[in-house]
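Heads up: the structure comes next, in structure tokens.
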Amino acid sequence: MASGRKTQLGCMCIALFFLLTSGCSKDGGGSSGPVPEDSLFSDVQRDGYIYNSLSDEEKIWYNELCYAVENHRDTAKFSRKLTKEAMRKIFVSVYYGEEYFWMSSIFYSPRFATSSMHIDYRFDREKCETIAKETGARRDEIYSRFDENTTDYEKLKTFHDEIVLGCTFTREGEYANIPYGALVDHSAQCEGYAAAFTYLCKGAGIECITVYGSNSTGALHAWNIVKLEGNWYHVDTCWDDPILDPVNEDFCRYYYFLGTDGDMLGTSHTLDEQYTDFPECTDSNSYFRREGLYCEDAEDAGDMLMHHSADEIRKGLHCISLRCGSDEVYDTVCTQLFDEHGLRQILDKADPFGIADHKRYTRYLEPKLNIIQIFLNFNEGTEIQYS
């Protein structure tokens, strides 16, 4: 369990509105009395990270709220009165711990302890069924590309790429905060990106959490922490889908794919751990290490980029990238590639048939992470040999 990373951020990502008004614990139609504890979810075995972080008593309240949301009830009834802080914790835990895309993020904060909670919904039951069906079909289409030999790492990379390349960032729209937005409607904001990644991971049996906090500017933000080969890693598909001018729909980056706490926390991302201590992400076996694109020594950079360039161009892909092990190596490699025209020499060797334009390219640099990424332009009329 993580420790020592508590923040003072007292709000949820994107749109959790805390309406501190009297009478906001409404008793609406469709509600019933408290569900007897001994009959509640007798056939449901929850095993999510957020759920398992709760106390035994909090798990009862969590299940009572789940019961109401799953049955689309206007009011959740609890087996005892909860303080407003306890109620808020359960609301936040269910909102991020379950895949209830129809559950609104609006939380009605009571003035006094109460045993009921009013719930708002984004969609009615009929629309929920349509959204679930279409999102499930999209998920199944992605899964159809896998076989028994597909590794979890390959699945995660596929999920990452599908979301990054298939979705456009927006703050508008009724689907912007749910998996449907990122996967079917192809537009979402950060919560929708993160929810889609969690949705795909959970369906594939990969443990994943949607986490929340703030970005480097202090704005509310959501992303993921995922478990791979026994270790936890950060993934931010939204930040790997940058808004570029001019627009480049083929550009995909991996700055925030399988990152560590050191890569992200305290610099670009801050976790809100008011209610949940999220897992520590300390393993450095990132995308760049796994792909053989991590350079400890500037002398190795040229060979790495040459092989990577040849592979990507042969596949018809435009992006080549490298991560350096230190600021010093990064500065040296940048000088060699761009000031001393080393990149042109590398491309001359990697691409002898001139599929790519060796003089015109776009470079994307992230000095905070020591990442160099280059987008190549392909020459018209040159045949590409796909593999």
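Looking at this structure, is Glu141 closer than 28 Å to Asp236 by Cβ, out of contact with any helix residue (DSSP H, G or I) (no Cβ under 8 Å at 6 or more places or on another chain) and outside any loop (DSSP other than H, G, I, E, B)?
Yes, satisfied.
So how many residues does the range 168-185 have that are touching a strand residue (DSSP E or B) at 6+ places or on another chain (Cβ under 6 Å) and at pLDDT 95 or above?
Going through the range 168-185 one residue at a time, the tally reaches 3.
Among the numbered criteria (1) in a loop (DSSP other than H, G, I, E, B); (2) buried (at least 19 other Cβ atoms within 10 Å of the Cβ), which one does Phe91 miss?
Among (1) in a loop (DSSP other than H, G, I, E, B); (2) buried (at least 19 other Cβ atoms within 10 Å of the Cβ), Phe91 violates only (1).
Within the range 287-318, take every residue that is under 25 Å from the mean Cα position of the chain (by Cα) and at pLDDT 90 or above and give me the one that is farthest from Lys155 (Cα to Cα).
Tyr294
(1) of a type in the set (Ser, Thr, Tyr); (2) buried (at least 19 other Cβ atoms within 10 Å of the Cβ); (3) closer than 30 Å to Ile90 by Cα; (4) in contact with a Cys (Cβ under 9 Å, 6 or more places away or on another chain): which one isn't true of Thr276, the others all being true?
Condition (4) is where Thr276 drops out.
Among the residues of the range 247-267 satisfying the criterion of being surrounded by 20 or more Cβ atoms within 10 Å (Cβ to Cβ) and among the hydroxyl-bearing types (Ser, Thr, Tyr), which is nearest to Ala86 (Cα to Cα)?
Tyr256
Filter the range 99-132 down to the residues that are under 22 Å from the mean Cα position of the chain (by Cα) and farther than 18 Å from Leu65 by Cα, then identify the one that is surrounded by the fewest Cβ atoms within 10 Å (Cβ to Cβ).
Restricting to residues being under 22 Å from the mean Cα position of the chain (by Cα) and farther than 18 Å from Leu65 by Cα, the top hit is Ala132.
Confirm whether Arg323 is basic (Lys, Arg), in contact with a Ser or Thr (Cβ under 8 Å, 6 or more places away or on another chain) and closer than 23 Å to Ser286 by Cβ.
Against the criterion (basic (Lys, Arg), in contact with a Ser or Thr (Cβ under 8 Å, 6 or more places away or on another chain) and closer than 23 Å to Ser286 by Cβ), Arg323 qualifies.
Please work out if Tyr294 is touching a residue at least 40 places away in the same chain (Cβ under 8 Å), surrounded by 13 or more Cβ atoms within 10 Å (Cβ to Cβ) and within 20 Å of Tyr254 (Cβ to Cβ).
no
Matching residues to (1) modelled with pLDDT under 95; (2) under 19 Å from Ile50 (Cβ atoms); (3) out of contact with any His (no Cβ under 8 Å at 6 or more places or on another chain); (4) in the same structural domain as Tyr275 (by TED's automatic domain parsing):
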{"site": "Thr75", "(1), (2), (3), (4)": "no, no, no, no"}
{"site": "Ser79", "(1), (2), (3), (4)": "no, no, yes, no"}
{"site": "Thr83", "(1), (2), (3), (4)": "no, no, yes, no"}
{"site": "Met87", "(1), (2), (3), (4)": "no, yes, yes, no"}
{"site": "Ile90", "(1), (2), (3), (4)": "no, yes, yes, no"}
{"site": "Tyr100", "(1), (2), (3), (4)": "no, yes, yes, no"}
{"site": "Phe107", "(1), (2), (3), (4)": "no, yes, yes, no"}
{"site": "Arg111", "(1), (2), (3), (4)": "yes, no, yes, no"}
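Taking Leu343 as meeting all but one of (1) surrounded by fewer than 20 Cβ atoms within 10 Å (Cβ to Cβ); (2) at pLDDT below 95, write down the number of the exception.
(1)
The values are calculated or read from the model by the stated rules, or taken from the named source; none is laboratory data. These figures come from a predicted structure and were not determined experimentally. In this analysis, Cβ positions are derived from the backbone assuming ideal geometry, glycine residues included, and neighbour counts consider all displayed protein chains.
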